[in-house]
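Following: one structure in C-alpha cells, then a few remarks.
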Amino acid sequence: MLTLRPLSRPDTAALARSLRRSERDEAALARLDEEVWRVSAGNPLLILETVRAIRQQGPDDTERSRLLPTRVRELVLARLERLSPRARGVVSIASVIGREFDFRLLQHAAALDDRHGAEVVEELVRRKVFHGVGERLDFTHDLVREVAREALPLDAVKSIHRLLAASIEAVYAPNLEPHYDALAAHSHRGELWDKAVGYLVEAGKTAGERSAHRAAAGYFEQALEALSHLPESRATLEYAVDIRLALHTSRFAVGELERSHEALRGAAEPAERLGDPRRDAVLALHTAQFLWASGRSREAWPLVEHANAVGEAAGDFALSTSAVLYSAAVRVALGDFQEAERGFRRVVESLEGAADDRVGLHGFPLVFAECALAVICAESGRFDEANLHAEACIRAGEAVGHAYSLVFGLRGIGHALTTQGRLDDALRVLERAASLCHDETAAALQPNVMASMGYAYALSGRARDGIRLLSEAIASVETAGALVWYGLLLTQIAEASLIAGDLGVAHDFATRALSHARERGERWFEARALKTLGDVEARRAPLDVASCEQYYRDAFELAEQRGLTSLAVQCQAGLTAVRRHGNGDCTEPS
C-alpha cells in the first residue's frame with residue numbers, strides 16, 4: 001500500500017485542462033481551474049468527476065457548476081455510511097460547528113464520556129475523516145464537511161446549533177468572551193433569539209473595543225434583525241435603543257455619516273416610548289455628534305447642553321465628560337475659543353491623565369482634548385503652551401496605541417505647527433498621520449490629513465501639490481458629508497490658489513468659504529475667509545484700498561472678539577501694508 005499525495009494546484013489545472021482540450025476561452029478555463037481546485041484539492045478522482053460534471057452542464061449554468069458532482073457526493077456519503085453510529089453522530093455535529101473544533105466541545109455536544117469520545121475520534125482519524133490541527137480537530141477536506149452537513153434535514157441543523165450554543169456555555173463557562181462570535185452564530189442559526197441578541201451585542205462590543213468597527217456594525221445589524229423576532233417588552237425597547245446607539249458609533253468611526261444617522265433616527269421612537277432620561281440624553285449627545293461632524297454645529301448646541309445637564313444632575317461621569325468634550329468641539333466650530341478652551345481643560349482635569357478611558361466614545365477623549373488645546377493655543381498666539389499640549393497629546397495617543405485617536409491628534413498638531421510657521425515640523429507630523437491612515441480604523445480621517453498636508457505644502461512653496469491634495473480632500477468630505485472643517489478647507493485652497501497666482505480662483509473659493517461660514521454661524525472660518533478676501537484684493541491692480549481695508553478690518557474685529565491672536569496679527573499686517581501702499585509706498589502688500 002502506498003499513500004499518494006494530492007496533486008499540486010498547477011498539476012490539478014493541467015489535468016483538468018487536458019480533459020477540456022476543445023475549450024479555447026481562457027476566461028472559461030480560469031474558472032474551470034478555480035472550481036476544480038475548490039472541489040478536489042488535488043484528489044485525481046475528484047478532478048475527473050468534477051470536470052465530467054461541469055462538461056455535462058450547460059456553459060451558462062454557473063450556479064450548478066458550484067454544486068458537487070453527484071458521483072463525488074455518493075462516494076463521500078458511502079464512506080460516511082461505513083462509520084459506526086456514534087461516529088456518524090459526531091460527524092453531523094462537527095459539520096455544523098464549522099472549521100476546527102475543540103475535542104471537549106465535541107465530546108460535550110455528543111454526550112460522550114471520555115472513553116467513548118476517545119474511541120470515536122480515533123476511528124474518525126483512522127478513517128481519514130478528521131485530522132489534528134495543533135490541539136484541535138478538523139475535517140480532512142471541506143468536501144467531507146459539506147456533504148455531511150447537506151445530508152442533514154433543516155430541523156436537525158437548527159437543533160444542532162442550539163445544542164452547540166448550550167455546549168459552548170457549559171464547556172467555556174469561566175470565560176465566554178473569546179466565544180461570543182460562535183455563541184452569537186449558533187444562537188442566531190438555532191433561532192434562540194433572546195440569546196442571539198445578547199451574544200451579538202457582546203460580539204459587537206468586543207469588535208468595537210479593538211476598533212474593528214465594520215465587523216462591529218455587522219454584529220449590531222444582526223442583533224437588530226434577531227431582536228425583531230422577540231415580543232415587545234421594556235427590555236427589548238432598551239435593546240432597540242442601545243444597539244442602534246452602538247451601531248451609530250461604529251458607522252461614525254469609519255466615516256459613514258448617513259448610515260450612522262439612520263441608526264440614530266431608528267433609535268428615536270423606542271427611546272420616546274421608554275421615557276428613560278439617560279437614554280434620551282445619550283441619544284441627544286450622539287445626534288449632536290453627527291450634526292457637528294456634518295457641519296451643523298448650531299443645531300448640535302442645544303442637544304449637547306441637554307446631555308450635559310442630565311449627566312451632571314445624575315453624577316454620570318461618562319455622559320457628562322463626553323458632553324463637555326463635544327460642547328467644546330461645537331464651540332470651536334462656532335469660533336467661541338475661550339469657552340471651548342475651558343471645556344477641553346475640564347476634560348483633561350477630569351480624566352486625570354487616564355489616556356485609556358474612552359467614556360463610551362469610539363476614541364480617547366484625553367487625546368482629543370490635548371489636541372484641541374494645542375490648536376486653540378496656537379491660534380491664540382500662545383505657541384509655547386501649544387507645544388506643551390502637543391507633546392501631551394502625542395504621549396497619550398502613543399500610550400493607548402489607537403490609530404484613530406493618534407491620527408486625530410497628529411492632524412491637530414500639524415495644524416498648530418503650521419499656524420506657528422514651523423512648516424517642516426508640521427509636514428513631518430502630518431506625514432506620520434498619513435502613514436497611519438492605511439489602518440482601516442483611521443481611514444475616515446484621511447481627507448482632513450491630506451488637506452492639512454496640502455495647505456502646508458502650499459505655504460512652503462509647493463502650491464500646485466498643495467492645491468491637488470486640498471482639491472481631493474474637499475471632494476472627499478463633500479461626498480461623505482463630513483463638513484465640520486469645510487469652511488476652513490475652502491479658505492486653505494483659496495490661499496493656496498493665491499500663492500499660485502490664480503486670483504480669480506482664490507476669490508471664488510474665499511467667497512464660498514465666507515458664505516458657508518456665515519450660513520452656519522462659524523465665526524472662526526468667517527474671519528479666515530474675510531482675511532483671505534483681503535489678501536486677494538491686496539494683489540489686484542489697481543488696488544481698491546477701501547474694499548481691501550474693509551475685509552481686513554472685519555476679519556480683525558472678529559479675530560479680536562474670538563481671541564484669535566495669530567489671525568488678528570496677520571490682519572493687522574495686511575492693513576498696515578495696504579495703507580502704506582495707498583499712501584504712495586510702491587511696496588506690494590504681502
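Some observations on this one:
- Distance between the stretch 101-158 and the stretch 318-335 - C-alpha centres, whole angstrom: 55 Å
- Sorting 477-484, 393-400 by average packing, meaning the other beta carbons within 10 Å per residue, from highest down gives 393-400, 477-484.
- Neighbour-count ranking [beta-carbon atoms within 10 angstrom, fewest first] of Lys531, Lys158: Lys158, Lys531
- Peptides 440-450, 114-124, 184-194, 139-149 ranked from most to least packed give 440-450, 184-194, 139-149, 114-124, packing being the mean of other C-beta atoms within 10 angstrom over each peptide's residues.
- Here the mean projected area of the convex hull built on the C-alpha positions of the chain is 35.5 nm².
- For the stretch 219-231, 3J(HN,Hα) computed residue by residue from phi via the Karplus equation (6.51, -1.76, 1.60; θ = phi - 60°) reads 4, 5, 5, 5, 4, 5, 5, 5, 4, 5, 8, 9, x Hz, glycine and proline entered as x.
- Evaluating 6.51 cos²θ - 1.76 cosθ + 1.60 at θ = phi - 60° for every residue in the stretch 112-125, the Karplus couplings come out as 10, 6, 4, 5, 5, x, 5, 5, 5, 5, 4, 4, 5, 6 Hz, glycine and proline recorded as x.
- Note that the stretch 176-235, at 25 °C in a medium of 0.890 mPa s, gets a Stokes-Einstein diffusion coefficient of 218 µm²/s from its Kirkwood radius over C-alpha pairs.
- Anisotropy class of the stretch 503-590 from Cα gyration tensor, a/c 1.5 cut: oblate
- Only one residue of Pro153, Cys377, Gly412 has its Cα farthest out toward the positive end of the dipole of the chain, where Lys and Arg carry +1 and Asp and Glu -1 on Cβ, and that residue is Pro153.
- Dividing the convex hull volume of the alpha carbon atoms of the stretch 1-58 by its residue count gives 80 Å³ per residue.
- Rg in Å to one decimal, and Dmax rounded to a whole Å, for the stretch 76-152 via C-alpha atoms: 11.0, 29
- Peptides ranked, highest mean first, by Cβ atoms within 10 Å: ranges 572-581, 255-264: 255-264, 572-581
- Ranked for footprinting exposure by Cβ neighbours inside 10 Å, fewest first, Val201, Val407, Val157 give Val157, Val201, Val407.
- Between the residues Cys571, Ser515, Ala546, the greatest Cα displacement towards the positive end of the dipole of the stretch 443-590, with unit charges on the Cβ of Lys, Arg, Asp and Glu, is found for Cys571.
- Length gained on full extension, Glu391 to Ala268: 40.2 nm, using 0.36 nm per residue less the C-alpha separation.
- Against the chain, whose longest principal axis is taken from its Cα atoms, helix 565-582 shows a tilt of about 40°.
- Helix-only CD estimate at 222 nm, as mean residue ellipticity for the chain, using -39500 (n - 2.57) per DSSP H run (n ≥ 4): -24500 deg cm²/dmol
- Working note: Cα atoms of the stretch 175-275, range along each principal axis, descending, whole Å: 33, 32, 20.
- Residues Ile499, Ile54, sorted so that the one with the fewest Cβ neighbours within 10 Å comes first: Ile499, Ile54
- Length added when fully stretched, Arg79-Ser18, from 0.36 nm per residue minus Cα-Cα: 19.1 nm
- Nearest-ten-degree value, helix 337-351 long axis tilted from longest Cα axis of the chain: 40 degrees
- Evaluating kT/(6 pi eta Rh) at 20 °C and 1.002 mPa s, with the Kirkwood radius of the stretch 398-440 over Cα pairs in the Stokes-Einstein relation, gives 207 µm² s⁻¹.
- All other residues whose Cβ lies under 14 angstrom from that of Thr140 are scored, Lys and Arg at +1 and Asp and Glu at -1, for a net of +3.
The numbers here are math on the coordinates, done by the rules we state, and not lab data. Quantities reported herein were computed from a predicted structural model and do not represent experimental measurements. Here Cβ is always computed from backbone atoms with ideal geometry, including for glycine, and neighbour counts include all displayed protein chains.
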